[in-house]
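Report on one structure; see the data block that follows.
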Amino acid sequence: MKVKILIAAGFGVGYLAGSANGRRRIAELTSKASEVLNDPKLKKTVKDTASKVREGAEEAASKLREGAEDGYKKATS
């Protein structure tokens with residue numbers, strides 16, 4: 001099954017890279033991807049999400065540190 005998928009993917013890439021229609025389609029996809037990646041709403045969402053993940057990671061690290069300290073105190077007493 002993996003071989004069939006790889007063959008199909010190979011044909012797809014070959015079509016896109018080798019034919020005029022394929023090159024035109026690549027240009028369209030590149031243009032759309034550029035529009036999406038430069039969208040201010042997307043940039044704001046990514047920034048907000050990164051901020052929330054950072055805050056969550058800091059909180060998790062703090063709790064982990066506290067738990068490790070408690071465990072060390074219990075083990076050494």
| When you go through Val13, Val36 one by one, which is the residue that is free of Cβ contacts under 8 Å to residues at least 12 places away in the same chain, part of a helix (DSSP H, G or I) and open to solvent by less than 90 Å² (accessible area, probe 1.4 Å)? | Val36
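Going by what's in this entry, would Ala61 be described as without any contact (Cβ under 8 Å) to a residue 24 or more places away in the chain, among the small types (Gly, Ala, Ser), part of a helix (DSSP H, G or I) and surrounded by 10 or more Cβ atoms within 10 Å (Cβ to Cβ)? Walk me through how you get there before you give the answer.
Numbers: without any contact (Cβ under 8 Å) to a residue 24 or more places away in the chain: yes; among the small types (Gly, Ala, Ser): yes; part of a helix (DSSP H, G or I): yes; surrounded by 10 or more Cβ atoms within 10 Å (Cβ to Cβ): yes.
It is true that Ala61 is without any contact (Cβ under 8 Å) to a residue 24 or more places away in the chain, among the small types (Gly, Ala, Ser), part of a helix (DSSP H, G or I) and surrounded by 10 or more Cβ atoms within 10 Å (Cβ to Cβ).
The values are calculated or read from the model by the stated rules, or taken from the named source; none is laboratory data. Because the structure is predicted, anything quoted here is derived from the model rather than measured. A quick note on method: Cβ atoms are made from the backbone with ideal geometry, for glycine too, and the neighbour counts reach across all protein chains shown. Remember, those area values only see protein heavy atoms, side chains included, never the ligands or the DNA or RNA. Shrake-Rupley method; radii C 1.70, N 1.55, O 1.52, S 1.80 Å.
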